[in-house]
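One structure below.
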């Protein structure tokens, strides 16, 4: 596959050049995501820019016609996201042009992304392989009076800075790659609950403002019941308002909990990888900690 694209591209009568995403006004990035119906606020774009790197496609007068970002974790792995092209350019090669520029920056790394239906053909053409469906669960949260999940030893409490090292380690076990910088940054932007068995952190769930309301993630736990135990306080905190969770879980106690608490499946995307796959999406409790909810579709 040719991985050395030029710094410019002409499609029909449109000429585009590559720019650094850091140099673009947030309102122009926000307008780009609005054009394709994505919920990201300007503040969400800024969080992503602070967490990763990216390119934009600019026309002759500086309008933003596309974007692509990557988020490196160590020297061997990165997630790719915010790959957007203006609707009129989606089938004309602009997405592939941007992705090949990203490949230049992430050479040698294993990659993972979450593909919308519209983008799957692009990623298949670039040799990404399907892994598993992500269920975008969202709606107006409502607390069911079911009480705490049964048979959960330990205590659920709010997380603070002292819990950061344990959360980084637990996230790495569940996700398959250590994401210390990302988890540390999320800690400064989120509210979190953890399940503690004595002094050991067994499960945690973070929640932050995003899009139309708040998003819960990542959620890492050793079982469905533990995942429910740490997400339930967030549902109570945001009862009556918009809440979203992106999960690979399509059945079981955790999936049922989301549906029963006002967050049914709204849409799906497909997790895809290039290179070595990370930890398999197993059943909680079978192989240790499991990532029950993504930090976001962009971040994984």
Taking region 52-109 as the search range and keeping residues that are assigned to a strand (DSSP E or B) and over 21 Å from the mean Cα position of the chain (by Cα), which one is nearest to residue 127 (Cα to Cα)?
-> 57
Single unsatisfied condition, residue 273 versus (1) within 17 Å of the chain's Cα centre (by Cα); (2) part of a helix (DSSP H, G or I) = (2)
Hey, among 164, 159, which residue is in contact with a strand residue (DSSP E or B) (Cβ under 6 Å, 6 or more places away or on another chain) and closer than 26 Å to residue 244 by Cβ?
-> 159
Please indicate, with yes or no, whether at least one residue in region 255-265 is part of a strand (DSSP E or B) and touching a residue at least 24 places away in the same chain (Cβ under 8 Å).
-> yes
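Restrict the check to region 134-147 and report whether at least one residue is within 16 Å of residue 78 (Cβ to Cβ), surrounded by fewer than 16 Cβ atoms within 10 Å (Cβ to Cβ), at pLDDT below 95 and over 16 Å from the mean Cα position of the chain (by Cα). Don't jump to the end; show me each part of the working.
To start, the set of residues in region 134-147 that are within 16 Å of residue 78 (Cβ to Cβ) comprises none.
No, the conditions are met nowhere in region 134-147.
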Region 251-270, residues that are under 19 Å from the mean Cα position of the chain (by Cα) and under 14 Å from residue 223 (Cα atoms) = 254, 255
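Among the residues of region 118-130, are any outside the structural domain of residue 23 (by TED's automatic domain parsing), exposed (fewer than 15 other Cβ atoms within 10 Å of the Cβ) and part of a loop (DSSP other than H, G, I, E, B)?
Step one: list which residues in region 118-130 are outside the structural domain of residue 23 (by TED's automatic domain parsing), which gives 118-130.
This time we only want the ones that are exposed (fewer than 15 other Cβ atoms within 10 Å of the Cβ), so: 118, 121, 124-125, 127, 129-130.
Keeping just the survivors that are part of a loop (DSSP other than H, G, I, E, B) gives 127.
Looking through region 118-130, at least one residue is outside the structural domain of residue 23 (by TED's automatic domain parsing), exposed (fewer than 15 other Cβ atoms within 10 Å of the Cβ) and part of a loop (DSSP other than H, G, I, E, B).
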Scan region 24-42 and report the pairs whose first residue is within 17 Å of residue 55 (Cβ to Cβ) and whose second residue is assigned to a loop (DSSP other than H, G, I, E, B), with Cβ atoms within less than 6 Å and a gap of 6+ or a chain change.
-> 33/40
Kindly indicate whether residue 139 is in contact (Cβ under 8 Å) with a residue 12 or more places away in the chain and assigned to a loop (DSSP other than H, G, I, E, B).
-> no
Residue among 182, 186, 195 that is under 21 Å from residue 256 (Cβ atoms), surrounded by 14 or more Cβ atoms within 10 Å (Cβ to Cβ) and outside the structural domain of residue 71 (by TED's automatic domain parsing) | 195
Subset of region 232-252, residues part of a loop (DSSP other than H, G, I, E, B) and within 25 Å of residue 174 (Cα to Cα), comes to 248, 249, 250, 251
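The values are calculated or read from the model by the stated rules, or taken from the named source; none is laboratory data. What you see is a predicted model, and the numbers here were worked out from it, not measured in a lab. As a convention, Cβ positions derive from the backbone with ideal geometry for all residues, glycine included, and neighbour counts pool all protein chains shown.
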